[in-house]
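Here the structure is laid out as structure tokens; the discussion comes afterwards.
The values are calculated or read from the model by the stated rules, or taken from the named source; none is laboratory data. Only a predicted model underlies this, so the values are computations on that prediction, with no experimental measurement involved. Backbone-built Cβ (ideal geometry, glycine too); neighbour counts: all protein chains shown. For the accessible areas, the whole protein counts, side chains as well, though only heavy atoms, and no ligand, DNA or RNA atoms are used. Shrake-Rupley method; radii C 1.70, N 1.55, O 1.52, S 1.80 Å.
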Amino acid sequence: MTESLYDAIVVGSGAAGAFAAYELTARGKSVLMLEAGPPVTPDCFVRHGKPPKNPINLWERAAATMAGQNVQARAMFFSKWMAHFYVNDRENPYTTPKDAPFLWIRGRQEGGRTHAFGRVLFRWSDDDFKTATRAGRGRDWPISYADLEPYYQEVETCLGLHGNNDGVASTPDSLCIAPATLTQAEAGFKADVEALHPEKSVIAWRHVPPRPDRILAPLQAAKDTGRLTIRRNAIVRRVIIDDETGLATGVEIIDRMSRQTQRFTAASVVLCASPIESVRLMWASACARHPHGLGNDTDQLGRYFMDQLPCVGAGTYPKARGFEAIPATDPFYDPTGGFFIMRDDVPMSDRLEYACQGSIARREGEVPDGPARMSFFAFAQMQPQADNRITLDPKVKDGWGIPAPHIRCKMSDADLQLLGRVENALIDLMQEQGAEFEFVGSARGLREMGPGAYPTADLLSRSLFRALFHKSMSIGASIHETGGAVMGDDPATSVLNGWGQCWGVPNLVVTDASAFASSGVTGTTLTVMAQTVRACRHLADHLPG
């Protein structure tokens, strides 16, 4: 069965899909949004049960594993009340090489991963877009910060960010409607670090608080136009290509519940499904005109897949006591906030390419009036490698008969060396400030200090934390994956042009982070949103009518 023609089909309803629908409907285009998962209802935002006694939350993870979420339960911040925002891994398998495990954390529901992410939104700069030119490593994007700056502004205005004017060159200031605050302990930490290290900047998170309806503002705006149709439980199996023109004419879906197939037609197709899913779909759409997959005429599809290199740590900060009660703005979500240690203000050739997200005195200490709790999650820049690639596994299929992705994302020796240097730099910096570590760990392994990891947890939980740490901190743990359909100036070395159009299929546009030529060191989401608006405005200007 084929339905009526739309101006555009948008695959995915998360950060990229929401802004694709927002921009296209604002330009008067009719849009069909296809979401693989169910709708989100108020019942999805009710906490059930009591919070776990410690972050290991062993029994919650075990229960989720038994229920089919054996991969999702390994996410560092997994919790019982968020479990329904993560996929069932039995229905959605993937494979990796034995020597290169990858942790793929994902959600399938209207809104995608926006219901489970930290809502931290930083701009990138030419330190990210022009790493080859500026530092002699990696790959340059075909666009620069100047190309994205006006779109960053539009996205920030739409979302209503909370943040400050920080004056940090490597992450330009955003347009914010309200300030972001630090706890007193974090403010003291900021002052002490910056006094000793003028090259370092410690700033408050820039973030967007959850809306009362928990729907991203751009998605609601698109709905309000009356030009957006949303089809949920629609698993896109392939993009349909016209054999004569080579252009996309629509998509074929499988209904998640009935398993019936259906076709939808459109003048253009926009892939916003997340890097692995979008690349998987481009492989699965091989046809007579594009026999090796869409955008793969020069064997570039799936290549240069990356995630940021993860490093996590926790302990106490004796300069402060207890915790500061931060009022929650939403009864479902924990309060958002903390500090970010940005990249040092030194030449790129001389600095460690990482940023560190952390908090002090935002979680109640185990001992009344005891030392404040401190934790951090650092993100280091992974270098693109052609052999790190998303392909299809010919032997494994998902619950709907679609070939599963095979993900190779292996750290190079240079990546491992950088990660080790980042660990040591953070240990030195935090200990200089009087912090007392319990553990620091990364994809290189776990290092315990003092009383060891989570000293007040039960013996079984601590033992399993140590034994299974490598499964939670493999590549993928940062959940900032990029690449696979990289944009560039030359079709011989890229999959997309600078507008996100697939070489050879110009009415197929990819706007999620699969287009990224570098991994960055802060979250990808704001840049995904800005590039989506830019790409979809260009698409709308070139659609008929």
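State whether the residues of segment 117-125 include one that is farther than 16 Å from A15 by Cα and either surrounded by 19 or more Cβ atoms within 10 Å (Cβ to Cβ) or at pLDDT below 95 (or both).
yes
Are any residues in segment 369-396 without any contact (Cβ under 8 Å) to a residue 60 or more places away in the chain and assigned to a strand (DSSP E or B), and if so, which ones?
R373, P394, K395
Taking the conditions exactly as written (charged (D, E, K, R) and either surrounded by fewer than 20 Cβ atoms within 10 Å (Cβ to Cβ) or touching a Pro at 6+ places or on another chain (Cβ under 6 Å) (or both)), does R289 satisfy them or not?
yes
List, please: which pairs have Cβ atoms under 7 Å, are six or more places apart or on different chains, and start with a residue in segment 35-56 that is of a type in the set (S, T, N, Q) and end with one that is assigned to a loop (DSSP other than H, G, I, E, B)?
Hits for this filter: N54/Y454; N54/T456; N54/A457.
Quick one: would you say R280 is buried (at least 23 other Cβ atoms within 10 Å of the Cβ), of a type in the set (D, E, K, R) and under 25 Å from S472 (Cβ atoms)?
Taking the combined requirement at face value, the residue satisfies it.
Could you tell me which numbered condition P506 fails, if it satisfies all but one of (1) in a strand (DSSP E or B); (2) free of Cβ contacts under 8 Å to residues at least 60 places away in the same chain?
Evaluating P506 over (1) in a strand (DSSP E or B); (2) free of Cβ contacts under 8 Å to residues at least 60 places away in the same chain leaves (2) as the failure.
Having 1 or more residues that are of a type in the set (D, E, K, R) is the bar; report the strands (runs of 3 or more DSSP E) wholly within segment 188-255 that clear it.
The strands (runs of 3 or more DSSP E) meeting that bar are 228-231, 234-241, 248-255.
Would you mind telling me which numbered condition in (1) touching a helix residue (DSSP H, G or I) at 6+ places or on another chain (Cβ under 9 Å); (2) open to solvent by less than 50 Å² (accessible area, probe 1.4 Å); (3) in a loop (DSSP other than H, G, I, E, B) V168 fails?
Tallying (1) touching a helix residue (DSSP H, G or I) at 6+ places or on another chain (Cβ under 9 Å); (2) open to solvent by less than 50 Å² (accessible area, probe 1.4 Å); (3) in a loop (DSSP other than H, G, I, E, B), V168 fails exactly one: (1).
Take D299 and decide whether it is assigned to a loop (DSSP other than H, G, I, E, B), among the charged types (D, E, K, R) and over 29 Å from M76 (Cβ atoms).
yes
For segment 1-78, which strands (runs of 3 or more DSSP E) that fit wholly inside it have 3 or more residues that are open to solvent by 10 Å² or more (accessible area, probe 1.4 Å) and not aliphatic (A, V, I, L, M)?
2-6
Select from segment 482-502 the residues that are among the hydrophobic types (A, V, I, L, M, F, W, C), over 23 Å from Q308 (Cα atoms) and either surrounded by 21 or more Cβ atoms within 10 Å (Cβ to Cβ) or touching a Gly at 6+ places or on another chain (Cβ under 9 Å) (or both) and list them in ascending order.
Listed by number, the list holds a single entry, C502.
Of all residues in segment 475-503, count the ones that are in contact (Cβ under 8 Å) with a residue 12 or more places away in the chain and of a type in the set (D, E).
Of the residues in segment 475-503, 2 are in contact (Cβ under 8 Å) with a residue 12 or more places away in the chain and of a type in the set (D, E).
Out of T183, T225, which single residue is polar (S, T, N, Q) and open to solvent by less than 10 Å² (accessible area, probe 1.4 Å)?
One residue alone meets the criteria, T183.
Name the pairs: first residue in segment 117-131 and among the aromatic types (F, W, Y), second residue in a helix (DSSP H, G or I) and modelled with pLDDT of 95 or more, Cβ to Cβ under 7 Å, at least 6 apart or on different chains?
F117/T525; F122/L526; W124/T527; F129/Y145
Run R113 past the list (1) without any contact (Cβ under 8 Å) to a residue 24 or more places away in the chain; (2) touching a Lys or Arg at 6+ places or on another chain (Cβ under 8 Å); (3) part of a helix (DSSP H, G or I) and report the number of the one that doesn't hold.
For R113, the failing item is (1).
Can you pull out every residue in segment 391-420 that is within 22 Å of V521 (Cβ to Cβ) and either modelled with pLDDT under 95 or under 20 Å from the mean Cα position of the chain (by Cα) (or both)?
At the first step, the residues of segment 391-420 found to be within 22 Å of V521 (Cβ to Cβ) are 407, 409-420.
Once the filter is applied, which keeps residues that are within 22 Å of V521 (Cβ to Cβ) and either modelled with pLDDT under 95 or under 20 Å from the mean Cα position of the chain (by Cα) (or both), segment 391-420 yields I407, C409, K410, M411, D415, L419.
Which condition does L543 not pass, out of (1) more than 19 Å from the chain's Cα centre (by Cα); (2) among the aliphatic types (A, V, I, L, M); (3) buried (at least 23 other Cβ atoms within 10 Å of the Cβ), if it passes all the others?
(3)
This table checks each residue for (1) under 21 Å from Q433 (Cβ atoms); (2) open to solvent by 50 Å² or more (accessible area, probe 1.4 Å).
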{"site": "Q153", "(1), (2)": "no, yes"}
{"site": "L161", "(1), (2)": "no, no"}
{"site": "K190", "(1), (2)": "yes, yes"}
{"site": "A195", "(1), (2)": "yes, yes"}
{"site": "R206", "(1), (2)": "no, no"}
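I need a count of the residues in segment 438-481 that are on the phi > 0 side of the Ramachandran plot and open to solvent by less than 10 Å² (accessible area, probe 1.4 Å).
Taking segment 438-481 and keeping what is on the phi > 0 side of the Ramachandran plot, we get 445, 450, 452, 454, 476, 479.
After this cut, where a residue has to be open to solvent by less than 10 Å² (accessible area, probe 1.4 Å) as well, the list is 452, 476.
Adding up the residues that qualify gives 2.
Among the residues of segment 199-212, is there at least one that is aliphatic (A, V, I, L, M) and over 30 Å from R343 (Cβ atoms)?
No, because not a single residue in segment 199-212 is aliphatic (A, V, I, L, M) and over 30 Å from R343 (Cβ atoms).
Scan segment 139-150 residue by residue and report those that are touching a residue at least 40 places away in the same chain (Cβ under 8 Å) and open to solvent by less than 40 Å² (accessible area, probe 1.4 Å).
Those that are touching a residue at least 40 places away in the same chain (Cβ under 8 Å) and open to solvent by less than 40 Å² (accessible area, probe 1.4 Å): W141, P142, I143, L148.
Quick check on my filter: what residues within segment 384-437 are of a type in the set (D, E, K, R) and open to solvent by 30 Å² or more (accessible area, probe 1.4 Å)?
Result: D387, R389, K395, K397, R408, K410, D413, R421, D428, E432, E436.
Kindly establish whether T96 is in contact with a Cys (Cβ under 9 Å, 6 or more places away or on another chain) and open to solvent by 20 Å² or more (accessible area, probe 1.4 Å).
It is true that T96 is in contact with a Cys (Cβ under 9 Å, 6 or more places away or on another chain) and open to solvent by 20 Å² or more (accessible area, probe 1.4 Å).
Just give me the residues in segment 503-522 being surrounded by fewer than 24 Cβ atoms within 10 Å (Cβ to Cβ) and of a type outside the set (A, V, I, L, M, F, W, C), in sequence order.
Correct list: G504, P506, N507.
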